[in-house]
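Peer 1: Got a structure for you, written out below as structure tokens; questions coming shortly.
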Amino acid sequence: MRILGIESSCDETGVALVELRGSEVPILLAHALYSQIEMHQAYGGVVPELASRDHIRRVLPLTEQVLAESKQTLADIDVVAFTRGPGLAGALLVGAGVACALGAALGKPVLGVHHLEGHLLSPFLSIDPPEFPFVALLVSGGHTQLMRVDGVGRYDMLGETIDDAAGEAFDKSAKLLGLGYPGGPALSKLAEQGDPTAFKLPRPLLKSDNLDFSFAGLKTAVMVQAKKLAAAQNCPVEALPAQVLADLAASTQAAIVEVLVKKSLIALKKSGLKRLVVAGGVGANRSLREQLNAECTKRQIRVHYPELHLCTDNGAMIAMAAAMRLQSGQQAASEVYAFDVKPRWPLDAIQIGL
Ligand code: KG4
Ligand code: ZN
């Protein structure tokens, strides 16, 4: 069975084709991605209306590209999957509309996928896929969650952010330092030139024994520190000496990474599990990967990541999540072509038994 996956929840249009064979881990046949980053850069962030219009322009050419690369035709598609939510309403409607139109025209069923489940299951696309059960650290632009995962749809929330997500902390701090959008990759690149111990920044909720996160205070601390330095030098923050900006970036990254690593280790200890899966855009962060690898090796814990290019949004994770839901019997594809998207949709809502 071949599943076409369409991702259009935010600023990346992704399309992919995955093959599902019995009980084997589904295989990625081809995927194609168009990132709108350049278009939104001029505005310092994602402009929802522009995002929707661009998804419309990209989605069919990307679908043709995926079919050509996998040497398949529209007739070879058995199920059309799309991101149903969470995300930008207009952007989601493009993917849902195209998926439903394709499904109806081909006489094939459709399946709406939860974007975060896509991220969560994306490490199954790697050459060394994980096995259930595991602890998952889901760190995307809008979410920071620790979960116990016992199987597809069996997600037990252990802790989550009470305010900003880790990705947001990267993005907002980067903006304060004049690094533009998207901030995470830019801040982490600059951090490589800096001293992570140069500035003392808060490690929010690190001492609490629960597994929740809070990053809003960190962004404020970065702002206060940056403004203090700028006032002393009588210049705007962006005009601070390159080394000072690099030290601030490195200190910010160190604070975020330390909290993510320590809380993941507590979650592993509390659950007694020996496997950690990291997913979502922040999972691409080199410092996070290095520190998790070092700490987990000491404790004989296996860590799995998505392939670097599949950490941020893509169609492969949507096709994969659909395939795994179908394979596990969690969900059947539907011939009701009602493209009812869910811009706000907590992951708990798709748990088994709920
Ligand atoms: O998962 P994702 O692509 O989108 C959402 O579903 O939100 O995550 C995007 C987030 C952004 O906050 C971006 O700045 C962050 O992931 N990100 C990074 C890196 N690459 C992407 N953060 C830190 N270091 C990176 N290398
Ligand atoms: Zn995402």
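Peer 1: Calculated from DSSP H runs of 4 or more alone, at -39500 (n - 2.57) each and per residue, what is the 222 nm mean residue ellipticity of the chain, nearest 500? Mind dumping the intermediate values first?
Peer 2: Numbers: 10 runs with 147 residues, N = 354.
That comes out to -13500 deg cm²/dmol.
Peer 1: Let me ask something else about it. Once the Cα atoms of helix 166-176 and of the chain are each reduced to a long axis, what angle between those two axes, in degrees from 0 to 90 to the nearest 10, is obtained?
Peer 2: 50 degrees
Peer 1: Give the accessible area for Y337 in Å² (nearest 10); use a 1.4 Å probe, count only protein heavy atoms, and leave out ligands, DNA and RNA.
Peer 2: My reading of the accessible area for Y337 is about 70 Å².
Peer 1: Turning to a different aspect of this structure: What percent does the relative contact order of segment 164-210 come to when contacts are Cα pairs within less than 8 Å and at least six residues apart? Please list the in-between numbers first.
Peer 2: Details: 21 pairs, mean separation 10.5, N = 47.
Value for segment 164-210: 22 percent.
Peer 1: Kindly identify segment 135-197 as rounded, prolate or oblate by the Cα gyration tensor criterion: order the square roots of the eigenvalues as a ≥ b ≥ c, call it rounded if a/c is under 1.5, otherwise compare a/b with b/c, prolate if a/b is larger, else oblate. Intermediate results must be reported in sequence, preceding the final value.
Peer 2: Values: a/c = 2.92, a/b = 2.38, b/c = 1.22.
Judged from the Cα gyration tensor, segment 135-197 comes out prolate (a/c at least 1.5, a/b above b/c).
Peer 1: While we're looking at this one, here's another question. In segment 129-305, carbon and sulfur make up what percent of the accessible area (probe 1.4 Å)? Spell out each step's value before the answer.
Peer 2: Values: 4030 of 7640 Å².
With neighbouring chains kept in place, the figure for segment 129-305 is 53 percent.
Peer 1: Please arrange C10, C296 by accessible surface area, largest first, computed with a 1.4 Å probe and ligands excluded. It would help to have the intermediate numbers written out before the result.
Peer 2: Numbers: C10 40, C296 0 Å².
Heavy-atom accessible area, descending, gives C10, C296.
Peer 1: What is segment 129-305's relative contact order, in percent, from Cα pairs under 8 angstrom and six or more apart in sequence?
Peer 2: On the way: 335 pairs, mean separation 50.3, N = 177.
Averaging sequence separation for qualifying contacts and normalising by length gives 28 percent for segment 129-305.
Peer 1: Turning to a different aspect of this structure: Rounded to whole Å and sorted largest first, list the principal axis extents of the Cα atoms in the chain.
Peer 2: Here the Cα extents, ordered largest to smallest, are 67, 47, 33 Å.
Peer 1: Moving to a separate point now. Rounded to the nearest whole Å², what accessible area per residue is found for segment 65-211 with the 1.4 Å probe?
Peer 2: Working: 5610 Å² over 147 residues.
Value for segment 65-211: 38 Å² per residue.
Peer 1: Hey, another quick one. Quote the accessible area belonging to K342 in square angstrom, nearest 10, computed with a 1.4 Å probe and with ligands, DNA and RNA left uncounted.
Peer 2: The value for K342 is about 70 Å².
Peer 1: Here's something else I'd like to know. Would you mind computing, in nm to one decimal, how far apart the modelled labels at H309 and S208 are, each placed 7 Å from Cα along Cα→Cβ?
Peer 2: 4.0 nm
Peer 1: Taking the highest mean first, how do the peptides 235-245, 88-98 order by number of other beta carbon atoms within 10 angstrom per residue? Please report the intermediate quantities before stating the final value.
Peer 2: Numbers: 235-245: 14.6, 88-98: 23.1.
My ranking of the peptides, most packed first, is 88-98, 235-245.
Peer 1: Determine the principal axes of the Cα atoms in segment 1-95, then give the extent along each, sorted from largest to smallest and rounded to whole angstroms.
Peer 2: Principal axes ranked by extent give 45, 25, 20 Å for the Cα atoms.
Peer 1: Quick one: what Rg and Dmax do you get for segment 129-305 from the alpha carbons, in Å?
Peer 2: Taking only Cα atoms of segment 129-305, I get Rg and Dmax of 16.5, 56 Å.
Peer 1: Right, here's the next one. Between I162 and A294, what length in nm is gained on full extension when 0.36 nm per residue of separation is reduced by their alpha carbon distance? Write out the running numbers ahead of the final one.
Peer 2: Details: separation 132, 0.36 × 132 = 47.52 nm, distance 2.77 nm.
Net length gain for the segment: 44.8 nm.
Peer 1: So how exposed is I266, as accessible area in Å² (1.4 Å probe, rounded to 10)?
Peer 2: Taking all protein chains as shown, I266 has close to 60 Å².
The values are calculated or read from the model by the stated rules, or taken from the named source; none is laboratory data. Owing to the predicted nature of the structure, the values given are computational and were not obtained by experimental measurement. Because the Cβ atoms are built from the backbone with ideal geometry, glycine has one as well, and the counts that use them run over all protein chains shown. Note: accessible area is taken over every heavy atom of the protein model, side chains too, but ligands, DNA and RNA are not part of it. Shrake-Rupley method; radii C 1.70, N 1.55, O 1.52, S 1.80 Å.
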